[in-house]
1. Tell me, what HN-Hα J-couplings in whole Hz come from the Karplus equation 6.51 cos²θ - 1.76 cosθ + 1.60 at θ = phi - 60° for each residue of segment 118-135, using x for Gly and Pro?
2. For segment 65-141 and segment 213-236, compute the distance between their C-alpha centroids and round to whole Å.
3. Going by a ≥ b ≥ c, the root eigenvalues of the Cα gyration tensor, does segment 129-208 fall in the rounded group (a/c under 1.5), the prolate group (a/b larger than b/c) or the oblate group?
4. Mind pulling the angle between the C-alpha long axis of helix 78-93 and the longest principal axis of the chain? Nearest 10 degrees, somewhere in 0 to 90.
5. Given the rule -39500 (n - 2.57) for each run of at least 4 DSSP H residues, summed and divided by the residues of the chain, what is its mean residue ellipticity at 222 nm, to the nearest 500 deg cm²/dmol?
6. In nm, what is the difference between 0.36 nm times the number of residues separating residue 67 and residue 144 and their Cα-Cα distance?
7. Gaussian network model of the chain, Cα springs within a sub-10 Å range: biggest mean-square fluctuation belongs to which of 63, 173, 165?
8. Using θ = phi - 60° and the Karplus curve 6.51 cos²θ - 1.76 cosθ + 1.60, what whole-Hz ³J(HN,Hα) does each residue of segment 58-72 get, with Gly and Pro shown as x?
Amino acid sequence: MILFLFPYAGGSSLSFNTWLPHLSPYIRVITYDIPGRDRLYSTQPLDIDIPEMASSILPKISDAISQNEPFAFLGYSMGALLAFELARQISIFRPWHRLRYFFAFSCSAPNIKHTEDIYDFDDAAFDAAIHDYCGTPIEIIENTELMDMIRPALRRDIKASAKYDPGLGFALDCPVDAIGGRFDRWVSEIDLKSWSHVTKLFGEVKTYPDGHFFIEGREEEVSNYVLARLRQVGLL
């Protein structure tokens, strides 16, 4: 089977490098960069919304899936919203492909909106917000050169997440697990449970004793959880 991975705001396919050794021996893993941005931020990120991101990736997803090959989506933070929109577009434009499992990491369901539009903050306030709410390490925040490089992409991704509205009427037709950090100030356990409203087959909520980036330092543990859940439904 294939597990498609979608990164968090400001991330890229390289964000999953530490996971791959724990996943790839058992399943085929495919990662994608956000459209309009290369991996090393050498180009200015395009200001595109989540439906546009999804529509540009959809043909690649379809090409990667062989006939009747089972596949699952795993999205981290903004990546979960992108994965949801891809699932919605697949149901319309590629209905012969059947998504078999969906993992939402550190993300509210699309129907939950946070009140603060931090993407409009000035640089200092924006940097403080992503540190306070999302747990971006202070070492990164204090690295002026690095922040100047990654901030534009972060702003655009956070804006795309805040403005995403899939509308009514679509629900995932596969098991959905919502996983997060118990001390995440941006996405609460209640927010994780909100995924039950956009699926016909809600799985479970699982939390780890950490913040928004709970995966760091426990890549093997979380990968084993993902593999175990896929085995439980006969996908491995």
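1. 5, 5, 8, 5, 5, 4, 5, 5, 5, 4, 5, 5, 6, 6, 5, 8, 9, x
2. Rounded to whole Å, the Cα centres lie 18 Å apart.
3. Oblate, because a/c is 1.5 or more while a/b does not exceed b/c.
4. 40
5. -11500 deg cm²/dmol
6. Values: separation 77, 0.36 × 77 = 27.72 nm, distance 4.81 nm.
Contour length minus the Cα-Cα distance gives 22.9 nm.
7. Of 63, 173, 165, the most mobile in the Gaussian network model is 63.
8. 3, x, 5, 4, 4, 5, 6, 8, 7, 4, 6, 6, x, 8, 9
Computed from the coordinates by the stated procedures, all read-outs in this text should not be read as laboratory data. Quick caveat, the model's predicted, so the values are computed rather than measured. Neighbour counts run over all protein chains shown; Cβ positions are idealised from the backbone, glycine included.
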